[in-house]
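For reference, the structure discussed in these notes is given below.
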Amino acid sequence: MYCTRCGTFNEEGSRFCRSCGAQMVDITAPSMPQRNMAPVSQKSGGLAVLLALIIPGAGQIYAERIFRGLTVLIVTTITIAFLVGLIPWIYGMIDSYFLVKRWNREVRDDPFERPW
């Protein structure tokens, strides 16, 4: 049995998780909906910033916020001619870093569910 809170493997029939102490729930019981048991991987904040530096909006796309990334790309491309485009470009780098930090925090809380 795997803990639904931290993902630790526990002996079959355990009542509490040996790692985090959460009450174990039999996810195969008919009253519980089945969950995707493949853990979601964490993402790199440094890579998100690097991608956003190379291509505006790519950091948000890496963090699986496609619409937000495309918006940053379009706004940066339109405004770059006026040198104002640096503002959304820098915003894109900072925002992608914090998106990945939030992603990792939510994956740590529930490693079997995608944050968004």
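The values are calculated or read from the model by the stated rules, or taken from the named source; none is laboratory data. If you're wondering where the values come from, they're calculated on a predicted model, not measured in any experiment. Neighbour counts run over all protein chains shown; Cβ positions are idealised from the backbone, glycine included.
Inspect the range 3-25 for any residue being at pLDDT below 80, under 18 Å from P111 (Cα atoms), surrounded by fewer than 16 Cβ atoms within 10 Å (Cβ to Cβ) and β-branched (V, I, T) and give the result as yes or no. Scanning the range 3-25, I find at least one residue that is at pLDDT below 80, under 18 Å from P111 (Cα atoms), surrounded by fewer than 16 Cβ atoms within 10 Å (Cβ to Cβ) and β-branched (V, I, T), so the answer is yes. If a residue has to be closer than 18 Å to Q42 by Cβ and free of Cβ contacts under 8 Å to residues at least 24 places away in the same chain to count, how many in the range 80-101 make the cut? Of the residues in the range 80-101, 1 are closer than 18 Å to Q42 by Cβ and free of Cβ contacts under 8 Å to residues at least 24 places away in the same chain.
If a residue must be closer than 24 Å to V40 by Cβ and in a helix (DSSP H, G or I), how many such residues does the range 60-79 contain? Result for the range 60-79: 9.
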